[in-house]
Amino acid sequence: MADEDRSQELKELFWKELNSSPFVMIGLQGVEDSRTRPWTAQVDTAEGADKKDGGTIYFFGAKSEALVKGLSETDRAVCTYVAKGHDLFAHVHGTLHTIEDRALVDKLWNPFVASWYKEGKDDPDLQLLRFDTERAEIWKSESGATLVAAALRLVGRDPGKDHQRENQTEVAL
């Protein structure tokens, strides 16, 4: 399979898996407290767009959280993702921005989000964030990869290079 086709396949797989299991670890780069923390992504696909091509990632957060407060220092963010079955991994770079858009809050609001905010959509601590993705490294893990690696070593091939070529890509998101 051509590298471009494989990259597109892994990119589409990333969006499919993120829609299925939207839990990520996200943090800011270059701030004193740069630890990543768990957040739930809300993927908003443009009207008429194909979900396999992704969308805009939003997060509901609290103005009192360290990550939201840290946006005053930098908007550079890094996000790590592990699919539910541990067969897809991603490391995403981009920028985080605070958003003041009640219509978008209404669109993305759901019972899970509501459980975190005592005053609902009018909670003064509620903050919507938009993650503008720039690039991502995506890795696919396949069952039996260890056996394949052992077999490749026996015939003198480097399993790391073969595996990386077939199962890893860097893409613009």
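Since every read-out is calculated from the coordinates, none of them should be taken as a lab result. Treat the numbers as computed from the prediction; the structure is a model and nothing was measured. Cβ sites come from the backbone with ideal geometry, for glycine too, and all protein chains shown count toward neighbours.
Full extension of the chain between D50 and W116 gives 20.7 nm of extra length, using 0.36 nm per residue less the Cα-Cα distance.
Counting other Cβ atoms within 10 Å as a rough exposure proxy, the listed residues F89, F131 run F89, F131 from fewest neighbours to most. Among the listed pairs K69/K107; K118/K140; K63/K84; K11/K118; K69/K118, those whose Cα-Cα separation exceeds 31 Å are K118/K140; K11/K118. Scoring 50-56, 37-43, 109-115 by mean Cβ neighbours within 10 Å over their residues and listing the highest first yields 37-43, 50-56, 109-115.
The alpha-carbon of K121 sits under 16 angstrom from the alpha-carbons of these aspartates and glutamates, leaving out residues fewer than 8 places away in its chain: E100, D101, D106. Annotation: extensible slack from H97 through Q168 equals 22.7 nm (criterion: 0.36 nm per residue apart, minus Cα-Cα distance).
Seen through its C-alpha gyration tensor, with square-root eigenvalues sorted a ≥ b ≥ c, the stretch 3-121 comes out oblate because a/c lies at 1.5 or above while a/b is not bigger than b/c. Under 5 Å between amide hydrogens, built in the peptide plane, is the criterion, and for G94 it picks out A77, E134 among residues at least 5 positions away or on other chains.
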